[in-house]
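Here, each number is a calculation from the coordinates, and none is a lab measurement. What you are looking at is a predicted structure, and each value in this text was computed from that prediction instead of being measured. Note that we place each Cβ from the backbone using ideal geometry, even for glycine, and neighbour counts take in every protein chain shown.
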Amino acid sequence: MSPDYYLILATILFTLGTVGVMVRRNALVAFMSIELMLNAANLAMVAFSLARGGLDGQVATFFVMVVAAAEVVIGLSIIIVIYRTRRSTSMDAASLLKL
Amino acid sequence: MIPLITGAEITFWIAGPLAVLGGIGLIAFRKAVYAALSMALTMINIAVLYASLDAMFLTFVQIIVYTGAIMMLFLFVLMLVGVDTPDSLVETLRGQRVAATLAGIGILGLIIFGIGGALTGVAPVGLDAANAQYGGNIEGLSALIFSRYVFAFELTSALLITAAVGAMVLGQRSRVHSRPTQKELSQERLRAYAEEGTHPGSLPNSGVLARHNSIATPGLLPDGTVSEQSVSETLAARGVIVDAPALSRATAQVFESVDSTIGEEDE
Amino acid sequence: MITLETIAATGVFQVAWLMIALPALVAGLLLVSGKFFDRGGHWLAVAASSASFVLAFWMFIEMLGADPEHRAVSVPLFDWIQTGSWTVSAGLQIDQLSILFAMLITGVGSLIHLYSVGYMAHDDRRRRFFAYLNLFVAAMLLLVLADDYLVLFVGWEGVGLASYLLIGFWQHKPSAAAAAKKAFVMNRVGDLGLSMAVMSMLALIGSSSFEAVNAAAAKLSPGWATAIGLFLLLGAIGKSAQVPLQGWLLDAMEGPTPVSALIHAATMVTAGVYLVVRSHEIFQMSEVASTAVVIVGAVTLLFGAWIGTSKDDIKKVLAGSTMSQIGYMMLAAGIGPAGYAFAIFHLLTHGFFKANMFLGAGSVMHAMNDDVDMRHYGALAKVMRVTFLTFAMGYLAIIGFPFFAGYFSKDHIIEAAFGHSAWAGVAALLGAGITAFYMTRLMLMTFYGDQRWREGVHPHESPKTMTIPLIILGFFSIIGGALMNFWIQEWLEPATGGHPHELTMVPTLVGWLTMAVVAAGVAISWFVFGAKPVPDEAPASRNFFTVMGRNDLFGDTVNDVLVVQPTMLAARGVVVADHKVLDGGFGGLATAFAGISTQVRKLQNGQVRTYALTMAIGVVAVGVVMILSQLG
């Protein structure tokens, strides 16, 4: 089985994640879209691992998962803090980046 | 010549489309809970794909960590915040969806063109040799993690501890005012009663009927009408309140029929 | 014909740079030393100038001792500019021409230093004055000793700077400040010509050293030879106050009188003549350029003489006379090989007698409480014997009285002018007559006639430091011509390429004619100014010649109409253009940018999703560019 198919699949998933970040207003859903992008990258790395005959790709995936776990913890904490103060998880409400 | 179809290919062609479906669901479902569940579907399918790629350890880590822990964490937070407000479908930013779709297509084409062009025709080497070196997939991974990548590993442990501490710090609700005492609370309640006529006592209980006693069942006032205050506003907004008068009517009918039956027997 | 070939420096020539370095060093020392040298600094300056003279004289003796082929010495100093394909090395070229100049500059310069010790005794800023004088001596020596046009240019600018500083030395007088500014600006016009000449040489020949330029001059195309010649002539006109850039010299008399004597009579203003003679190879290649030199010289000699006839300010008469005499030199320099030696000859004798007369005029002014109006003088001959006698030597020299210095040098030029063309000869002859007229007028108004002194003026003879230089210069005014008459042509032959004429002590036909014209000039002057009392106020005159002369032939008016007014008009136009077009344009541009910015600012809407979109588009753009560059 050629890794090409896995890569194309990973690309499609990655793109879906990108589009999700851009179109969904709910911060949680956008956050999940980011997770989807990470997973797409993981899939690609595992496919590379098989194609190249080394386990390094799988190790990298493992590390990505650990980092993703830490990131989710912090990210969700931030979302909760924002929700506490603004009573909303909509990304459009947080337009404080503008002056 | 008939192409040789392997188990991995069959797995791919089943799990791959399902994963894509989950991804589409993630960005298409209005309700965040459905989106999260679509995401979970994708996660599980990716785990299956890992299995087809001879990555058994990652398959289980994916299921346990991602699907089991991370996605459930998402659902917890969803329950905590705004599960009751589905996303509005009206896009507030002009042209955002069209532009996002175009950018997505651009990225898709770019990556497929770039990476696909570089890899076409490469035959996979396979992991048999790598796995066999230390006697298995898990042994091979641990050999790498604890030798070549040991520093990265130690750093991730530090990262996880930092993240845990960070989550605690962020979750801490710091008080601006001192906690109101019992006395202050009662005074506040009576002042509200004096000024606005708010009832100072506790709110009415939810209804306890013969066949329903959930918190979604409103209590009935002595005249038989529903007490709005007896159920949560969230439940009312979601429209899951049990129709208490209808229930009471049915009960009353039962009582009436029982009464009439007794009456007939008496007569 | 003996050509100029330099030999390596030995002996005293190896320290030739000291001639320049000593005055330069002292100038710097005096300028930075503060009050420390207020009391004795001027003697240090005199010593530096004298030391340079001793060095120059020593070298001159050495050169006299050598055979003619081995007299010119080149003293390489250092590589100055090294860039690309050409190198400019700074060096000195001490040949027959430059050593004469060096001796004139340091000799007359030292005498004038000495004179200034007396003249400037009561000036608060004496130390600064002597620093400037030394700076001038150093720069002028660099000018005449340089072996490269570019190095010469440094000295050229240096003397311009010193001239500017000294004309405006009494800067508290607005007229002096304006005169300094005028001299500076008009000299820049000439400098433009010289710098264009140097650049043309570098572009065409690849070098600006005298040696290379002289060697390559014959190969230049006629057009370029003419162009470079005219550029050089423009430089010479500016520096030597020739028509049409003559306007600054008369105003330069605002400076202290020793400055007028040293810079604006004896040395600096003759730099133009030096430049033309030094560049003779180029002028010989171009008939147009050399004829232009003759015309400029002829016009200026009449022009200056005309101004000299109608001024009452003693220094301005002498300034007009200077212009006129330099006109003679330019005329001679333009004639060609026949005239080069005579130009330098006249330059040297003029250096003596004009410095003598300027210093004498300074002595008179000193006695008359700095009054310069000759109508307030009169009958000074008996009161100031030394000044009168030395001045008289200069007077006899300039009008060409037989066997005085000017007699030899000027007659040769007039003869050479007749050899060139009839009109040049007539102009030179006429000039000699007018010179005799106005110099006699000056003598009569200053030293003879009635006393017309203002109240409170008690004329007295000047101190020794002032009279000794006068006596020395007066002596050279007498014998300078006879001393060099038979010798200078041969001496200069290698440097100027001329060949000696047969000279006799017996005047030729032209010589007799000149003497007759000069005698007529003296006689007319005596008839007009000597026979009857001089009016105390300048009589109102409608005479065309008088009015023209009194107003410097309206040179300033011409400048004003031709240059100043158009420049002011252009400046005003530029101001209007600046306000309307440029400011409007840039203002519009700024408004446009502000408008664009306002629009662009809308992109910054603070929405995270928009930023994500922008990032995604950026990723696509960068990726596409990278892939395209890989494909290309």
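In units of the compact-protein estimate 2.2 N^0.38 Å, segment B:203-266 shows a Cα radius of gyration of 1.34. Projected label points at B:T6 and C:W526, each 7 Å from Cα along the beta carbon direction, are separated by 13.5 nanometres.
Mean silhouette area of segment A:3-89, derived from the convex hull of its C-alpha atoms and averaged over all directions, reads 5.5 nm². The shape of segment C:5-105 comes out oblate: with a ≥ b ≥ c from the C-alpha gyration tensor, a/c is at least 1.5 while a/b does not beat b/c. Angle of helix C:565-577 to the longest C-alpha principal axis of chain C, folded into 0 to 90 degrees and rounded to 10: 10°.
Of the residues C:W224, C:W58, B:W13, C:W248, the one with the fewest other Cβ atoms within 10 Å heads the list, and the complete ranking is B:W13, C:W58, C:W224, C:W248.
Each of C:I61, C:L389, C:F37 was scored by the projection of its Cα onto the charge dipole of chain C, and the greatest displacement toward the positive side belongs to C:F37; charges sit on the C-beta of Lys, Arg, Asp and Glu. Please give the length that would be gained between C:T567 and C:L483 if that part of the chain were fully extended, namely 0.36 nm times their separation in residues minus their C-alpha to C-alpha distance (nm, one decimal). Working it through step by step, the gained length comes to 25.2 nm. The helix-only estimate of mean residue ellipticity at 222 nm for chain C, built from DSSP H runs of length n ≥ 4 each weighted as -39500 (n - 2.57), is -23000 deg cm²/dmol after division by the residue total. Using the Cβ-Cβ distance between B:S232 and B:Y193 with R0 set to 22 Å, the FRET efficiency from 1/(1 + (r/R0)^6) comes to roughly 0.45.
Residues in segment A:62-70 carry Karplus couplings, in order, of 4, 5, 4, 4, 4, 4, 4, 4, 4 Hz; the curve used is 6.51 cos²θ - 1.76 cosθ + 1.60 with θ = phi - 60°, and Gly or Pro positions show x. With K and R counted +1 and D and E -1, the other residues having a Cβ less than 13 Å from that of C:F447 yield a net charge of +3. Against the main long axis of the alpha-carbon atoms of chain C, helix C:17-32 sits at an angle near 80°. With a/c under 1.5 counting as rounded, go ahead and sort segment C:117-186 into rounded, prolate or oblate using the C-alpha gyration tensor (a ≥ b ≥ c being the square roots of the eigenvalues; past the cut-off, prolate if a/b is larger than b/c, else oblate). Because a/c hits 1.5 or more and a/b fails to exceed b/c, segment C:117-186 counts as oblate.
Close amide H contacts of A:N26 (hydrogens built in the peptide plane, cut-off under 5 Å, sequence separation of 5 or more or a different chain): A:M91. Charges were assigned to the Cβ only: +1 to each Lys and Arg, -1 to each Asp and Glu. The resulting dipole of chain C about its Cα centre is roughly 1800 debye. This ranking places C:M548, C:M285, B:M43 by how few other beta-carbon atoms lie within 10 Å of each, fewest first, which gives C:M548, C:M285, B:M43. Legend: calculated FRET efficiency, C:R454 to C:V185, from the Cβ-Cβ distance at R0 = 45 Å, rounded to 0.05, equals 0.80. Of all the Cα-Cα pairs you can form in segment B:1-85, what percent are over 16 Å apart? Tail fraction, whole percent: 58.
Relative to the globular-protein estimate of 2.2 N^0.38 Å, the Cα radius of gyration of segment B:130-170 stands at 1.62.
Averaging the Cα positions of each part gives two centres, and for segment B:1-73 and segment C:570-628 these lie 47 Å apart. Computed over every Cα-Cα pair of chain B and binned at 10 Å starting from 0, the pair-distance distribution P(r) comes out as 5, 12, 19, 21, 15, 12, 9, 5, 1, 0 percent.
Within the protein assembly as shown, DSSP assigns beta bridges of which about 90% are antiparallel (rounded to the nearest 5). Span-like helix criteria (full DSSP H runs; alpha carbon extent of at least 15 Å along the helix axis; mean Kyte-Doolittle hydropathy of at least -1.0) are satisfied in chain B by B:7-28, B:32-52, B:96-111, B:150-171, B:244-266. Its residues counted as N, chain C yields a C-alpha radius of gyration over 2.2 N^0.38 Å of 1.14. Against chain C, whose longest principal axis is taken from its Cα atoms, helix C:464-484 shows a tilt of about 80°. Full extension of the chain segment joining C:F554 with C:S629 gains 19.8 nm, where the gain is 0.36 nm per residue of separation less the Cα-Cα distance.
Put in order of Cβ neighbour count within 10 Å, fewest first, the listed residues C:M120, C:M199 become C:M199, C:M120. Remark: spin-label model distance B:Q182-C:T598 equals 6.5 nm, labels positioned 7 Å along the Cα→Cβ axis. Taking amide H as placed 1.01 Å from N in the peptide plane, the amide H of C:V75 sits under 5 Å from that of C:L92, C:Q93, C:I94, each at least 5 places away or on another chain.
Across segment B:1-85, C-alpha contacts under 8 Å between residues 6 or more apart give a mean separation that, scaled by the residue count, equals a relative contact order of 28 percent.
Computed over chain C, relative contact order equals 13 percent, with contacts defined as Cα pairs under 8 Å that lie 6+ residues apart. When the P(r) of the protein assembly as shown is calculated, the portion above 38 Å amounts to 65% of the C-alpha pairs. 3J(HN,Hα) along segment C:113-126: 4, 4, 4, 5, 4, x, 5, 9, 4, 9, 8, 5, 9, 4 Hz, from the Karplus curve 6.51 cos²θ - 1.76 cosθ + 1.60 with θ = phi - 60°, whole Hz, x for Gly and Pro. Each label point was placed 7 Å from the Cα along the Cα-to-Cβ direction; for B:A123 and B:R249 their separation is 7.8 nm. Need the C-alpha centroid separation for segment C:168-195 versus segment C:24-83, integer Å. One Cα centre to the other: 26 Å.
For segment B:203-266, a simple Cβ point-charge model (Lys and Arg +1, Asp and Glu -1, everything else neutral) yields a dipole of about 460 debye relative to the Cα centre.
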